[in-house]
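> Attaching a single structure in structure tokens format; questions to follow.
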Amino acid sequence: MQKEKVIPFNFIPDKGGRTLKLGGANYMLMNDAMYTFYERSMGDFSDFFLAIRDKKKILGCKCTKCGMVRVPPFVTHCPDCNFAPTTRVEVGQVGKLLSTPPITYFANALFLDKAPFGRGRAVLKGADTAMSVMLYTTTGILTPGIFNRGTEVKIIFKDDRMGEICDIFAVPTSELTRAQIAKNGLLESELKGSSPCSSTTATSNSRTRNSNRPISSSPAKTRATCSTAFFTKARSLIQSSRKNFG
Ligand SMILES: [Zn+2]
């Protein structure tokens with residue numbers, strides 16, 4: 001299998017050019033490239049990303065004076081407490097959305113293979129600030145109405161993690177079983193095969209809230225097609241629309 005590169009191969013045009021006709025005149029367009037590659041340090045954020053990659057944990061920082069827990073741990077010293085030091089703490093992996101998230105269907109090149117996704121701000125259990133996280137549904141293409149302000153979400157970890165923020169995303173807890181919600185470090189591959197109908201009453205109730213979402217008569221089968229297959233489908237949709245507009 002071809003090893004993945006920083007710039008995916010399908011974004012790199014073939015060497016050559018084409019003729020563009022404009023106002024009766026021919027113009028040459030040549031494919032060219034200008035790349036800059038560099039390494040960047042995650043600096044004081046390193047343990048946050050290492051915890052995601054190696055321990056499937058979400059870390060925050062807790063002020064030693066006021067006790068505020070910020071997630072992600074974006075300060076080493078609390079600006080509200082005359083720069084008292086903070087300490088690292090682990091926070092929960094279930095939280096609530098601070099606001100109704102926008103959905104990105106047509107993303108720029110950096111996120112093209114990830115669209116469509118919601119851009120959520122989730123306040124995880126034990127945290128006082130909201131963390132930006134990508135949102136998906138296990139039921140197919142993300143549509144408005146699945147996520148709203150206050151929707152409870154669960155952090156999911158990708159099976160292959162590099163130590164970047166896209167290693168995690170969130171799904172509604174209403175689409176998960178009680179066991180899945182309770183399990184820390186839930187993997188994307190563990191979402192497959194779960195059936196919302198076999199889950200708890202609480203889950204069924206919260207599922208009813210999203211009544212604008214089509215509920216399949218065979219949820220187990222729907223669930224089995226989620227995630228990877230869904231991402232592939234979404235990617236091909238986006239790529240075909242790029243061709244149409246390009
Ligand atoms: Zn403080």
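> Show me the chymotrypsin sites (Phe, Trp or Tyr not before Pro) within the range 1-73 that DSSP assigns to loop and that have at most 12 other Cβ atoms within 10 Å of their Cβ.
Tyr35, Phe37, Tyr38
> Once you charge only the Cβ atoms, +1 for Lys and Arg and -1 for Asp and Glu, what is the size of the charge dipole of the range 1-130 about its Cα centre, to the nearest 20 debye? Spell out each step's value before the answer.
Numbers: 19 positive and 11 negative charges, 63 e Å.
Roughly 300 debye for the range 1-130.
> Can you put Phe74, Phe157 in order of Cβ neighbours within 10 angstrom, beginning with the fewest?
Arranged by neighbour count, lowest to highest, Phe74, Phe157 become Phe74, Phe157.
The numbers here are math on the coordinates, done by the rules we state, and not lab data. Just so it is clear, the structure is predicted and the values come from calculations on it, not from any experiment. No Cβ is skipped: glycine too gets one built from the backbone with ideal geometry, and neighbour counts run over all protein chains shown.
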